[in-house]
Amino acid sequence: MKTAFITGITGQDGSYLAEFLLDKGYTVHGLIRRSSTFNTDRIDHLYKDVHDPSARLHLHFGDLSVSGQLTDLLHTIRPDEIYHLGAQSHVRVSFDMPEYTGDITGLGTLRLLEAIRKTGITTRFYQASSSEMFGAAPPPQNQDTPFQPQSPYAAAKVYAHYVVKNYRDAYGLFVCNGILFNHESPRRGETFVTRKITRAATRIKLGLQQKLFLGNLDAKRDWGFAGDYVEAMWLMLQQDKPDDYVIALGETHSVKEFLEKVFQKLSLDYQKYVEIDARYFRPTDVNILLGDATKARDILGWKPKVGFEELVDMMVEADMELAKKEKTLHDAGYKRADNIR
Ligand code: NAP
Ligand code: GDD
C-alpha cells in the first residue's frame, strides 16, 4: 500500500485528509510541531500507540522553517505522495507577522520542493494554494483568473504557487496546485469567522457568553465542507498528469448572511449580541470570492456532497454539543478565557 507524508496534519484539513488516507489503506506520516500544550486534538482519535504493530499513523517533530530536517524526513520516509498543508494560514495574522508568514507559507513550499529534488525520490506533491490569491480579481474565479493578492498571506501563497509551477516545468516533478476556496467544518480553527460565529452563538444560547465581536460583515465567501475538499486533493495526485485545479462549491454568501442564519437556527436575534470591533478589520480585505470548479468536475470527477445549508447545520449542531459539555464544566466551576480569541 502507499505511503503519504502530510505537513499540517494537526490542522483542520490535515486531520480530514489523514482520516481519508488511512481509510484507503495508506500508511500516513505527519509533521508536527513541538508545543508546550497538546496540539494533536484533531488527530488523537486516529492515533495508535507506536508499539501497536497495526499502527499506520506516524508523527515526526519538525518545522517548515528547517530545510535539512525536511530533506532527512523525505529521505527516510520516501513517501509516494506528499500533501503540503502546513502554513501560517490566518490572513489577519499575516498582517501582524508578515515576515514569518512569508517564511513558512511561502518559503516552506520551496524547502519541500528542494528536499524532493535533492533526495531524488519519486513522489507526487500537493500544494495547498488558496482562493485568497485571487484577492481583488472580480468573480467568478477559476485557475485562469489573474491573481491580485491583498494580504501578506496571499502574496506568500502566490509565491509558493508559482514555485510549484516552476519546479514542474524545470525539473519535471509531479506537483499540483489545488486552489481551494474557503472550507469549514466543526474542526475549523476557532479564530476563523464561521467557527467563531457558531462557537459564540451556541455559547450565547446556553448563557456562557454575552457578546460576539466581529469585523467586516460585508465580505463574501464561497464556503464548502473541508471533508469534501480533501478528497479533491487526493484525486489531483491520482491523475496521469500533474495540473492545477480550483475547488469550490460555486456559491457565495456574506459574513452577515452566515451570522443571521446561525443565530436564526438558535432562535436568537444576532443584533442583540454582535458588536463591530475595528481590531478585526484588515488593512485590505477580499470583498468577494466565488469559485468556478468546472475543470475539477470535468477532469477529476469531483463533486461536493455537503451544501452550504448542511454545512451551517453541521457546525451549529457540533458546537451546541460542545457548548453543552462546557456548560457542565462551567456549572462545576471551570472558566474559559474569552478575551484571547
Ligand atoms: P490550519 O487549520 O490553520 O492548519 C495549519 C497547519 O499548519 C497546522 O497543522 C499547523 O500546526 C501547521 N503549521 C503552522 N506553522 C507551521 C510550521 N512553522 N511548521 C510546521 N507546521 C506548521 O489550516 P487548514 O484550514 O487546515 O488549511 C490547510 C492548508 O490549506 C493551509 O496551507 C491553508 O493556508 C490552506 N488553505 C486553507 C483553506 C481553508 O479554507 N481552510 C483554503 C485554501 C487554502 P499547529 O497545529 O501546530 O499550529
Ligand atoms: N477571522 C475573522 N474574524 N474574520 C472576520 C471577522 C472576525 O472576527 N469578522 C469579519 N471577518 C471577515 C474577514 O474580514 C474576511 O473577509 C472573512 O470574514 C473571512 O475571514 P476568515 O474566516 O478569517 O477567512 P479568510 O477568507 O480570510 O481566509 C481563509 O480562507 C482562505 C481561502 O480563501 C483561511 O482559511 C485561509 O487560510 C484560506 O487560504
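Coordinate-derived values only; no laboratory data. What you are looking at is a predicted structure, and each value in this text was computed from that prediction instead of being measured. Cβ placement follows ideal geometry from the backbone for every residue including glycine, while neighbour counts extend to all protein chains displayed.
Here is how the numbers come out for the structure above:
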| quantity | calculated |
| --- | --- |
| On Cα atoms only, tilt of 108-119 relative to the major axis of the chain in degrees | 20 degrees |
| Region 124-279: relative contact order in percent, alpha carbon pairs under 8 Å with at least 6 residues between | 26 percent |
| Dipole of region 1-152, positive direction: furthest Cα of VAL93, THR119, ILE6, with charges on the beta-carbon | THR119 |
| Rg to Rh quotient for region 190-276, alpha carbon positions, Kirkwood Rh | 1.13 |
| Net charge dipole size for the chain [Lys, Arg +1 and Asp, Glu -1 on Cβ; Debye, nearest 20] | 520 debye |
| Nearest-ten-degree value, helix 308-331 long axis tilted from longest Cα axis of the chain | 70 degrees |
| 222 nm mean residue ellipticity, helices alone, for the chain (DSSP H n ≥ 4; -39,500 (n - 2.57); rounded to 500) | -11500 deg cm²/dmol |
| Percent RCO, i.e. relative contact order, over the chain, from Cα pairs under 8 Å lying at least 6 residues apart | 17 percent |
| Straight-distance crosslink candidates among aspartates and glutamates, where the alpha carbon sits under 13 Å from LYS295 and sequence neighbours closer than 8 are dropped | ASP144, ASP243, ASP244 |
| Packing-based ranking, highest mean first, of 138-148, 176-186 given that Cβ atoms within 10 Å are counted | 176-186, 138-148 |
| Partners for LYS272 among aspartates and glutamates (Cα-Cα distance below 14 Å; same-chain residues under 8 apart left out) | GLU260 |
| Reachable aspartates and glutamates from LYS327, criterion Cα separation under 19 angstrom, eight or more residues apart if same chain | GLU190, GLU317, ASP319, ASP338 |
| Residues whose placed amide H lies under 5 Å from that of THR284, excluding near-sequence neighbours | none |
| Cα pair distances exceeding 34 angstrom across the chain, given as percent | 24 percent |
| Acute angle (nearest 10 degrees) that the helix 152-171 long axis makes with the longest principal axis of the chain, alpha-carbon atoms | 20 degrees |
| Entries in LYS157/LYS205; LYS48/LYS205; LYS24/LYS324; LYS303/LYS325; LYS2/LYS305 that, when Cα-Cα distance is taken, lie over 28 Å | LYS157/LYS205; LYS48/LYS205; LYS24/LYS324; LYS303/LYS325 |
| Sequence-distant residues sharing a close amide H with SER129 (under 5 Å, placed H) | GLY178, LEU180 |
| Gap separating the Cα centres of region 252-276 and region 37-109, nearest whole Å | 35 Å |
